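Read through the structure below, which is laid out as C-alpha cells, and then see the notes.
The values are calculated or read from the model by the stated rules, or taken from the named source; none is laboratory data. Worth saying up front: this structure is predicted, and the values here are computed from it rather than measured. When we count neighbours, we look across all protein chains shown, and the Cβ atoms used for this are built from the backbone with ideal geometry, even at glycine.
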Amino acid sequence: MDERLEELQESGAAIAELARQPELFSAAVQAFRAEDAANFQDVLGRAGLLGRCHWICRWLCSKHCVFLCIKLAGPIEPPRDIDVEEWRAFAEYTGRLAGDRDTLARLLEMVAAEDAEAFQKFVAREKIERFAHQLCHWLCLVRCRLVCQLLCPPMPELIKVSYIPIGRIDAAGYGAGPSSPSTLTPPDDPAAGRGDHPFGGSVHLNGRFNVPGATEYKVEVGPSPAGPWTAIVTPVEDSHDYGFTTYTRSATGDWFAISNMDTLSEGQTYLTDWPTPPAERDELHYVRMVVRNAALTEFPSVPVAVRVDNGRPVGPVMPGERPLIEFSQGGEPLGCCSEVTKDRGPIEIRIEGTDENFGALDVVAYGGCSGSVAIFSKTYNGNRADHGAPAPGITVTWDPWADEVEACCYVVFVRLYDRAIINDRWDAGHVFENWRSITIG
C-alpha cells in the first residue's frame, strides 16, 4: 500500500507542478506524443522537473491510453460482473498473438498511428470485439513503457562517497563498510565499535554521467533533498600519462568539463573532493551531481544523504573538554599519584565522556614490567543511541591485586573513539583521551 501511495503522490505532485506552467505542459504533451526525447527532456528541464521524468511520463501514458483506446475501440461498456472465463479466453488469444511477430508489429503500428479504421477492421476480422479495449490497453501500455524508457533515460548518479558505495549509505547518512577498494574501510563490526560511519575531513566523490552527449557536470551540497544547493568546486589532479605528469582540472564557474577527465579520473567517475565543514559534529547534508549537455539541458541525480562529523569526543574536564577519569578507594577520592593498598579494597574508576557518533572507549593502565593492563572497554555495538559515558559517567571497579598486577606506579588512560571515516579512510575515527596516575602498593 505504501509504495502505491508513494507512486500516486509522486506522479500527482509532479504533473500538477507541470500543469501550473501551461506553455511547458503543452510542449511536454507534444514532445511525448511525438516521442521526441530531446524536446521532452528540455521542456522538463526548463520546468525544473527533469528529475521526475518517469513519474510525468507514466501519468501521460495513463491519460494517453484511455484517450487512444476510446478512439480505436469505441466507448467502454462496463461489465456487470468479473467474468473469469472471459479473462482466460483473452489470455489464450494473447498467447496465440504473441507467437505472431508480424501481426504484433502491425498492431503496434496501428496504435502508434492512432489508426482507428485499421484497428477496427482487425478486431472485426478476428471476431474479438469483446477483447477490443483489453487488446488496445495491453498494446498501448507496453508501447508506452518503452516510450518512457526513450524519453526518460537513466539520470546521473553518485556511486561512492569516500569510496563507500551509495548502496551502503542509509537515509540518515551513515555508511557501512567495506569500501571499494576495501583497504580503506573494512567491513562493519559493531561489537568492535566499527560501523554506521559518518564522514569527515575531505570526502572523495564518484559518479556516473549516464546522459548521452553530456559535456559538463557539477557537484552540489545542500541542507535538504530540495536544496538550496551550493556547488563544490575543489580542483582535481589528473594526468594524460597515468601520473608521470599531472595537471589540474578546475571548474569554470560551477561546472567541470568532462572532456578534461583522463587517466586519474577513475574511469571518468572521480568528480571532486568535498571539504566538509570543520566545525560540524553531527550534521546531515545532501549531495547531488548535475550533468548538462551541449543544449545546456540539466540532468540532476537523486540526492544522497551524507552525515558529517568532524568533532572529537568530549568530556567535562577543562581546558579542552577532555574526558574525565578519577579514582576512589573505599569511598574516598584519590589524588594524583596516590598510593593504594590491597587492605582498602578494589579501586573505583569513574569515567565520563561522550560523542554523538560514539564507537568505543577503553581504560588501560601503563607502567611496571607489565607494559599495559586492560581494565575496561565498551562499544556502541550497533546502538546509535549509545553516546559513550554521559554524565554522571560510568564507574568501573578494578582489583589489581586479584589480577596480579605488580606493585608499581601506573598511568591510567581513558580513550574515547567515534565512528567517523576521516579523509576517506577508517582509522578508529576521532580519538580523545585523558589520564591519571596511581601507585599500586
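For the range 178-195, which residues satisfy the criterion of being more than 16 Å from residue 416 (Cβ to Cβ) and either in contact with an Asp or Glu (Cβ under 9 Å, 6 or more places away or on another chain) or of a type in the set (S, T, N, Q) (or both)? If you could, list the steps in order and put the result at the bottom.
The first filter runs over the range 178-195 and keeps only residues more than 16 Å from residue 416 (Cβ to Cβ), leaving 178-191, 195.
Within the range 178-195, 178, 179, 180, 182, 183, 184, 185, 188, 190, 195 qualify.
Might you let me know whether the range 109-116 holds any residue that is of a type outside the set (S, T, N, Q) and exposed (fewer than 13 other Cβ atoms within 10 Å of the Cβ)? Explain how you work it out, then say what you get.
Filtering the range 109-116 down to residues of a type outside the set (S, T, N, Q) leaves 109-116.
This time we only want the ones that are exposed (fewer than 13 other Cβ atoms within 10 Å of the Cβ), so: 109, 113.
Scanning the range 109-116 turns up at least one residue that is of a type outside the set (S, T, N, Q) and exposed (fewer than 13 other Cβ atoms within 10 Å of the Cβ).
Could you count how many residues in the range 393-411 are in contact with a Lys or Arg (Cβ under 8 Å, 6 or more places away or on another chain) and exposed (fewer than 15 other Cβ atoms within 10 Å of the Cβ)?
Within the range 393-411, residues that are in contact with a Lys or Arg (Cβ under 8 Å, 6 or more places away or on another chain) and exposed (fewer than 15 other Cβ atoms within 10 Å of the Cβ) number 2.
From the set of residues in the range 351-394 that are of a type in the set (Ser, Thr, Tyr) and closer than 19 Å to residue 189 by Cβ, which is nearest to the chain's Cα centre (by Cα)?
Ranking the qualifying residues of the range 351-394, first place goes to 380.
Suppose the filter is part of a loop (DSSP other than H, G, I, E, B), crowded, with 20+ Cβ neighbours inside 10 Å and in contact (Cβ under 8 Å) with a residue 40 or more places away in the chain; does residue 207 pass it?
Values: part of a loop (DSSP other than H, G, I, E, B): no; crowded, with 20+ Cβ neighbours inside 10 Å: yes; in contact (Cβ under 8 Å) with a residue 40 or more places away in the chain: yes.
When the stated conditions are applied, residue 207 does not pass them.
Of all residues in the range 210-229, how many are farther than 16 Å from residue 298 by Cβ and surrounded by 13 or more Cβ atoms within 10 Å (Cβ to Cβ)? Walk me through it before giving the result.
Of all residues in the range 210-229, those farther than 16 Å from residue 298 by Cβ come to 221, 223-225.
So of that shortlist, the ones also surrounded by 13 or more Cβ atoms within 10 Å (Cβ to Cβ) come out as 221, 223.
Of the residues in the range 210-229, 2 are farther than 16 Å from residue 298 by Cβ and surrounded by 13 or more Cβ atoms within 10 Å (Cβ to Cβ).
Which pairs do you get when a residue that is assigned by TED's automatic domain parsing to the domain that holds residue 129, found in the range 90-103, comes within reach of a residue that is of a type in the set (S, T, N, Q) and surrounded by 10 or more Cβ atoms within 10 Å (Cβ to Cβ), reach meaning Cβ atoms under 6 angstrom, with the pair 6+ apart or on two chains?
Taking only residues 6 or more apart or on different chains, the pairs are 90/134.
Considering only the range 50-105, state which residues are surrounded by 15 or more Cβ atoms within 10 Å (Cβ to Cβ), at pLDDT 90 or above and of a type in the set (D, E, K, R).
Listed by number, the list holds a single entry, 58.
Suppose we filter 428, 407 for residues that are more than 30 Å from residue 179 (Cβ to Cβ), of a type in the set (A, V, I, L, M, F, W, C) and touching a strand residue (DSSP E or B) at 6+ places or on another chain (Cβ under 6 Å); which single one remains? Write out each step before concluding.
Details: 428 fails: more than 30 Å from residue 179 (Cβ to Cβ).
Going through 428, 407 in turn, the sole match is 407.
I need every pair where a residue in the range 110-125 that is in contact (Cβ under 8 Å) with a residue 60 or more places away in the chain and assigned by TED's automatic domain parsing to the domain that holds residue 66 has its Cβ under 6 Å from the Cβ of a residue that is of a type in the set (Phe, Trp, Tyr) and surrounded by 12 or more Cβ atoms within 10 Å (Cβ to Cβ), sequence separation at least 6 or different chains.
Pairs found: none.
Failed condition for residue 316, given (1) surrounded by fewer than 14 Cβ atoms within 10 Å (Cβ to Cβ); (2) of a type outside the set (Asp, Glu); (3) under 24 Å from residue 229 (Cβ atoms), with all others met?
Only one criterion is unmet by residue 316, namely (3).
Within the range 167-199, how many residues are surrounded by fewer than 19 Cβ atoms within 10 Å (Cβ to Cβ) and of a type in the set (Val, Ile, Thr)?
1
Within the range 403-441, how many residues turn out to be of a type in the set (A, V, I, L, M) and free of Cβ contacts under 8 Å to residues at least 40 places away in the same chain? Don't jump to the end; show me each part of the working.
Initial filter on the range 403-441 (of a type in the set (A, V, I, L, M)): 405, 407, 411-412, 414, 416, 420-422, 428, 431, 438, 440.
Those left that are additionally free of Cβ contacts under 8 Å to residues at least 40 places away in the same chain: 407.
Summing the residues that are of a type in the set (A, V, I, L, M) and free of Cβ contacts under 8 Å to residues at least 40 places away in the same chain in the range 403-441 gives 1.
Give me the residue from the range 266-291 that is surrounded by fewer than 22 Cβ atoms within 10 Å (Cβ to Cβ) and among the charged types (D, E, K, R) and, out of that set, nearest to residue 180 (Cα to Cα).
Only one residue fits best here, namely 266.
For the range 171-186, check the following and say yes or no: at least one residue is in a helix (DSSP H, G or I) and either modelled with pLDDT of 95 or more or of a type in the set (A, V, I, L, M) (or both).
No, there is no match, as no residue in the range 171-186 is in a helix (DSSP H, G or I) and either modelled with pLDDT of 95 or more or of a type in the set (A, V, I, L, M) (or both).
Please list, ordered by residue number, the helices (runs of 4 or more DSSP H) wholly in the range 41-146 having 1 or more residues that are closer than 30 Å to residue 296 by Cα and of a type in the set (Phe, Trp, Tyr). First the steps, then the outcome.
Working: elements: 53-73, 84-98, 101-113, 116-126.
Where helices (runs of 4 or more DSSP H) fall fully within the range 41-146 and carry at least 1 residues being closer than 30 Å to residue 296 by Cα and of a type in the set (Phe, Trp, Tyr), they are 53-73.
Filter the range 24-41 for residues that are within 31 Å of the chain's Cα centre (by Cα) and surrounded by fewer than 20 Cβ atoms within 10 Å (Cβ to Cβ); which is nearest to residue 141 (Cα to Cα)?
Among residues in the range 24-41 that are within 31 Å of the chain's Cα centre (by Cα) and surrounded by fewer than 20 Cβ atoms within 10 Å (Cβ to Cβ), the one nearest to residue 141 (Cα to Cα) is 37.
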